[in-house]
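The next block holds one structure in the form of structure tokens; read it before the comments.
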Amino acid sequence: MSDIDGMGTERATCWLAPNPSAMTLDGTNTWVIGEPGAEEVVVIDPGPKDGVHLRRVVDAITAQGRRVGQVLLTHGHPDHSAGAKKFAELAAAAASGGAGGAGGAGGRGGSGVPVRALDPRHRLGDEGLAEGDVIITGGLELRVMETPGHSNDSLTFWLPADRAVLTGDTVLGYGTTVLEGRLGDYLSSLDRLRRFSEDVEAATILPGHGPKLDDPIGALDHYITHRRERLAQVEAAVEAGARTAKEVVARVYADVDKSLWPAAEWSVQSQLDYLNERS
Ligand SMILES: [Zn+2]
């Protein structure tokens, strides 16, 4: 299957979901994160509602004698979130089954495993996620940053113990991300992640799709440069007479596979909005 399945750091391991496509690259990266020896782990982005994938991850955690303390979502897109509730149920069942009738094995609020996200529609339980939150599970610390742009609810998680940045779809292992949110927000998010990665000397980016990136600053510089170049191309297309996002895509993305054009339209619309706001 590629080196993506099983990649990671000392504390984070990727479980690749079997949903490859032009948009999801090799598939969605589900991240299981735990302190060595700790019983409780955190799972980021269970992925699509694929029973085989969800069970594979839960079974592996259970086989290690561990259980899921909480599920976190980088954002609400279905390739990351659609399986979250089912995953939480499976994880809660595995924890109570494995606990041999200990009762209330899931910790908070009975046997439930919470799903936490910025957008309340994607949560299970009362707890959300927001800028500055610090999550501590089984001795593991994760910090939450709001990084809108790919979507309005996009989050990035910082795993200080491994100096790893979990970017969801804000930065991918290769290619570039589609923008559903505002380009101005996205550029700010990239600048912020670049500054942050420099300040904390981040060692690796663990993305929502594709391989990990062991040169975070280089990867972010590449993303920032790409965005500026695309923006200049969009600006040129508008000057040359393109009026709608569709017309801009036909000019700027002429060399890109047509199956990606509808998604590119979202990105172009963000860029047109950005140029309009700026003028
Ligand atoms: Zn995705």
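The values are calculated or read from the model by the stated rules, or taken from the named source; none is laboratory data. All values derive from a computational prediction rather than experimental measurement. Ideal geometry is used to build each Cβ from the backbone, glycine not excepted, and the neighbour counts take in all protein chains shown.
Tabulated data
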{"quantity": "One residue from V178, V165, V144, V171 being over 30 Å from D257 (Cβ atoms) and β-branched (V, I, T)", "calculated": "V144"}
{"quantity": "Matching residues, the stretch 38-89, being charged (D, E, K, R) and under 17 Å from G27 (Cα atoms)", "calculated": "D45, K49, D50, R55, R56, D79"}
{"quantity": "Single condition L172 does not satisfy, out of (1) within 16 Å of the ligand (Cβ to nearest atom); (2) closer than 19 Å to V234 by Cβ", "calculated": "(2)"}
{"quantity": "Single residue of the stretch 232-263 satisfying the filter (over 30 Å from the mean Cα position of the chain (by Cα), hydrophobic (A, V, I, L, M, F, W, C) and in a helix (DSSP H, G or I)) that is surrounded by the fewest Cβ atoms within 10 Å (Cβ to Cβ)", "calculated": "A236"}
{"quantity": "Close pairs from the stretch 194-216: first assigned to a helix (DSSP H, G or I), partner within 16 Å of the ligand (Cβ to nearest atom), Cβ under 7 Å, at least 6 apart", "calculated": "P216/I205"}
{"quantity": "Members of the stretch 36-61 found to be exposed (fewer than 14 other Cβ atoms within 10 Å of the Cβ) and in contact (Cβ under 8 Å) with a residue 12 or more places away in the chain, listed by number", "calculated": "P36, G51, V52, D59, A60"}
{"quantity": "Selected residue [more than 25 Å from N29 (Cα to Cα) and either of a type in the set (S, T, Y) or under 17 Å from the mean Cα position of the chain (by Cα) (or both)] from S188, S270, S197", "calculated": "S270"}
{"quantity": "Residues within the stretch 94-124 that are surrounded by fewer than 18 Cβ atoms within 10 Å (Cβ to Cβ) and modelled with pLDDT of 95 or more, tallied", "calculated": "3"}
{"quantity": "Members of the stretch 23-35 that are in contact (Cβ under 8 Å) with a residue 40 or more places away in the chain and more than 16 Å from the ligand (Cβ to nearest atom)", "calculated": "I33, G34, E35"}
{"quantity": "Filter result (touching a Gly at 6+ places or on another chain (Cβ under 8 Å) and buried (at least 17 other Cβ atoms within 10 Å of the Cβ)) within the stretch 16-26", "calculated": "L16, A17, N19, L25, D26"}
{"quantity": "Single unsatisfied condition, T137 versus (1) at pLDDT below 95; (2) β-branched (V, I, T); (3) under 26 Å from A22 (Cβ atoms)", "calculated": "(3)"}
{"quantity": "Of all residues making up the stretch 7-22, the number that are away from the ligand (no atom under 12 Å from the Cβ), outside any loop (DSSP other than H, G, I, E, B) and among the hydroxyl-bearing types (S, T, Y)", "calculated": "1"}
{"quantity": "The stretch 36-85 - residue that is in a loop (DSSP other than H, G, I, E, B) and closer than 19 Å to R143 by Cβ and, of those, farthest from the ligand (Cβ to nearest atom)", "calculated": "A38"}
{"quantity": "Per-region count, the stretch 61-78, residues within 10 Å of the chain's Cα centre (by Cα) and within 20 Å of P18 (Cβ to Cβ)", "calculated": "3"}
{"quantity": "Evaluation of P18 against (1) closer than 19 Å to D162 by Cβ; (2) free of Cβ contacts under 8 Å to residues at least 40 places away in the same chain (one fails), failing number", "calculated": "(1)"}
{"quantity": "Test for I4: is it crowded, with 16+ Cβ neighbours inside 10 Å and away from the ligand (no atom under 16 Å from the Cβ)", "calculated": "no"}
